[in-house]
Structures are given as C-alpha cells and as structure tokens.
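Taking it in order: structure first as structure tokens, then the write-up.
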C-alpha cells in the first residue's frame with residue numbers, strides 16, 4: 001500500500017496519540033477510519049452533483065424558495 005504523509009497541528013497529533021492510547025489502537029487505523037467516514041458522507045453529494053438534472057432541480061427549488069414561493073408542509077404531505 002502506498003504511503004502518504006499528512007501534516008497536522010501538534011495539538012491535534014497529541015490528542016490523537018491520547019485517543020489511540022486509550023483505545024489501544026494505532027493512529028494510522030484511526031485516521032483510516034476517519035477518512036473512510038468522511039468519504040462515505042460525501043458519496044451522496046458527489047452522486048447528486050454528477051447528475052445535471054438533479055442539480056438543476058435543486059437550484060430551481062432554491063431560487064423559488066428565495067422568492068418566497070414555498071408550500072406549507074401540511075399541504076404537501078401525502079394523505080393530508
């Protein structure tokens with residue numbers, strides 16, 4: 001596996017060392033987990049941004065909202 005060097009502030013590194021010690025884990029394992037979680041959170045955003053029709057619909061909705069063109073939730077809910 002290739003290696004990448006990441007510079008982080010000393011204070012954060014020290015906190016990571018403490019967490020790693022308490023959890024009896026390697027810092028690299030904690031960082032790998034954090035990166036995986038970060039990427040997972042952004043997958044949906046990337047999927048939306050890869051679909052121009054969705055981006056257009058979102059932008060249209062935002063513009064309508066800025067103009068005050070909204071619908072009350074109670075009127076829009078199914079079955080109500």
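We did not get these values from a lab; they are worked out from the coordinates using the rules stated. Remember, predicted model here, so these are calculated numbers, not experimental data. Because the Cβ atoms are built from the backbone with ideal geometry, glycine has one as well, and the counts that use them run over all protein chains shown.
Odds and ends about this structure:
- Qualifying residue in segment 54-63 (condition: closer than 23 Å to residue 7 by Cα and part of a helix (DSSP H, G or I)): no
- The residues listed here are 25, 41; of these, the one that is in a helix (DSSP H, G or I) and free of Cβ contacts under 8 Å to residues at least 12 places away in the same chain is 41.
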